[in-house]
Amino acid sequence: MLLFRERGVAYVHVPKTSGTKLRKFLSSEVGVRESWWGVAKAPSGSPEGLRFDRTDRAHWTAAMIREFRPALWGKMLGMRVFSVARDPFRRAVSAYGQFLRNFGEGAAGVRCLSEYIRRIGDGAHMSRRDGYLYIHGAPQVEFHLPNHRVISGEDLSGELSTLFGVDLRFVSSERPVRGLSESERSLVESVYKEDILLWRSLGGRVSVSL
């Protein structure tokens, strides 16, 4: 998450939506006053430790911001808040790939994409103990604040320029991902139903084959 208080803009970093690339771009081109990154580690014995220790600060969902940082939540409601959307099918594959890179096959007993998605469907990404293992696959809609604006597309320059009031040239890229089996697609359709509806409402075409 990035805050540009002087411009009244907040960027909510939804995982696996070109966020790292966009964070670097905005930090360079616009300048950042406040940035959240890394797994939170509260001091031992701190009351806050029970609330947000081990959560991924770069990817706090809207519910996490409201609970962990109520003052920040209030300020953000008065800002122009935005995030970027991605095809839910491609994003699910990409999120599991991130899980494998970060933690390895079999971590927490997860040995396949289907098991990873099932756990997210069961709310594992909101766990205080190991939610950070699954946060990259959390549904996109769970990151949205009430005053949220969602943008999409490879060329986001126009949208970003309007938000920040300066000329910005940013082009994202979609990396190739592996295909999905019928059972995997059914799981994505079930767990990410709202994300699919969001993607279609933005004019995005849901992947028929990956």
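Only residues in the stretch 1-26 that are within 18 Å of residue 61 (Cβ to Cβ) and touching a residue at least 40 places away in the same chain (Cβ under 8 Å) count as the first member; pair them with residues that are basic (Lys, Arg) and assigned to a loop (DSSP other than H, G, I, E, B), Cβ under 6 angstrom, at least 6 apart or cross-chain, and list the lot.
17/86
Cβ-Cβ under 9 Å, sequence separation 6+ or interchain: first residue in the stretch 133-149 and free of Cβ contacts under 8 Å to residues at least 60 places away in the same chain, partner β-branched (Val, Ile, Thr) and in a loop (DSSP other than H, G, I, E, B). Which pairs?
What qualifies is 133/110; 134/110; 139/61.
For the structure I just gave you, tell me whether residue 128 is not in a helix (DSSP H, G or I) and not acidic (Asp, Glu). Let's see the steps before the verdict.
Numbers: not in a helix (DSSP H, G or I): yes; not acidic (Asp, Glu): yes.
Yes; evaluated as a whole, the condition is true for this residue.
Could you list all residues from the stretch 109-125 that are part of a helix (DSSP H, G or I), aliphatic (A, V, I, L, M) and modelled with pLDDT of 95 or more? It would help to see each step written out before you state the result.
Initial filter on the stretch 109-125 (part of a helix (DSSP H, G or I)): 109, 113-121, 124-125.
The next check asks that each one be aliphatic (A, V, I, L, M); those that pass are 113, 117, 120, 124.
Matches in the stretch 109-125: 113, 117, 120.
Write out, first by first residue and then by second, each pair whose Cβ atoms fall under 6 Å of each other, whose residues are 6+ apart or on separate chains, and whose first residue, in the stretch 99-112, is on the phi > 0 side of the Ramachandran plot while the second is surrounded by 11 or more Cβ atoms within 10 Å (Cβ to Cβ).
Going by the 6 Å Cβ cut-off, the qualifying pairs are 108/133.
Out of 200, 169, 175, which single residue is assigned to a loop (DSSP other than H, G, I, E, B), over 16 Å from the mean Cα position of the chain (by Cα) and free of Cβ contacts under 8 Å to residues at least 24 places away in the same chain? Let's see the steps before the verdict.
Details: 200 fails: assigned to a loop (DSSP other than H, G, I, E, B); 175 fails: free of Cβ contacts under 8 Å to residues at least 24 places away in the same chain.
The unique qualifying residue is 169.
Are any residues in the stretch 136-188 among the charged types (D, E, K, R), surrounded by 14 or more Cβ atoms within 10 Å (Cβ to Cβ) and closer than 30 Å to residue 115 by Cα, and if so, which ones?
If the condition is that a residue be among the charged types (D, E, K, R), surrounded by 14 or more Cβ atoms within 10 Å (Cβ to Cβ) and closer than 30 Å to residue 115 by Cα, then 142, 184, 185 are the ones that fit.
Residue by residue through the stretch 179-197, note down the ones that are within 16 Å of residue 142 (Cβ to Cβ) and assigned to a helix (DSSP H, G or I). Steps first, please.
To start, the set of residues in the stretch 179-197 that are within 16 Å of residue 142 (Cβ to Cβ) comprises 188, 190-197.
Result: 188, 190, 191, 193, 194, 195, 196, 197.
The values are calculated or read from the model by the stated rules, or taken from the named source; none is laboratory data. Computed from a predicted model, the values in this text were never measured in an experiment. Note: ideal-geometry Cβ built from the backbone for every residue, glycine included; neighbour counts use all protein chains shown.
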